[in-house]
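In what follows, a single structure is set out as structure tokens and then discussed.
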């Protein structure tokens, strides 16, 4: 069971760290750049990303990392290791709740709403401005949570 735990923690640390990096890119320059171009172009670019990402290697990273978090949580609970288990549960909770579930609850519905919009009318501009603000805020949450999850998994690895 020790090797399963170590491999799960390594994979989850790498997975959540990579996810944090992708989210970081969106938070720090992609959405900022999209906000600077005309709404019609920003909407088209983001809609293209939203269609592409669900068929990209990102999903082979994002979803399996969530599954690893469940595995790590179970391992932490069935073989309690004090501080290491606490860090394992904290990392798993951060990733599952603030990264994975917040994506499903907040970002995906915003993406779906944006997918129904095209054009450059006042309604599209208004939706785009709200989208950039709200989507980016939730993306900041996902970025920080994924990064903290990675740190927690690395720290737990140092203790097991």
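Please treat every number below as a calculation from the coordinates, not as lab data. Everything numeric here is computed off the predicted structure, so don't read it as measured data. Here Cβ is always computed from backbone atoms with ideal geometry, including for glycine, and neighbour counts include all displayed protein chains.
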Can we say residue 58 is buried (at least 16 other Cβ atoms within 10 Å of the Cβ), within 25 Å of residue 112 (Cα to Cα), in contact (Cβ under 8 Å) with a residue 24 or more places away in the chain and in contact with a helix residue (DSSP H, G or I) (Cβ under 7 Å, 6 or more places away or on another chain)? no
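Of all residues being in contact (Cβ under 8 Å) with a residue 60 or more places away in the chain and over 15 Å from residue 42 (Cα atoms) in segment 130-143, which is surrounded by the most Cβ atoms within 10 Å (Cβ to Cβ)? Just the residue, please. Talk me through it step by step, then tell me what you get.
Of segment 130-143, the ones in contact (Cβ under 8 Å) with a residue 60 or more places away in the chain are 131-132, 135-136, 139-140, 142-143.
Keeping just the survivors that are over 15 Å from residue 42 (Cα atoms) gives 139-140, 142-143.
On the way: 139: 23, 140: 16, 142: 25, 143: 23.
So the residue we want is 142.
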Given the conditions (1) outside any loop (DSSP other than H, G, I, E, B); (2) within 26 Å of residue 116 (Cα to Cα); (3) without any contact (Cβ under 8 Å) to a residue 40 or more places away in the chain, report the number of the one that residue 73 does not fulfil. (2)
Could you tell me whether any residue of segment 62-74 is within 23 Å of residue 33 (Cβ to Cβ), crowded, with 17+ Cβ neighbours inside 10 Å and in contact with a helix residue (DSSP H, G or I) (Cβ under 7 Å, 6 or more places away or on another chain)? yes
Can you report the number of residues in segment 110-129 which are within 24 Å of the chain's Cα centre (by Cα), loosely packed, with under 12 Cβ neighbours inside 10 Å and part of a helix (DSSP H, G or I)? 1
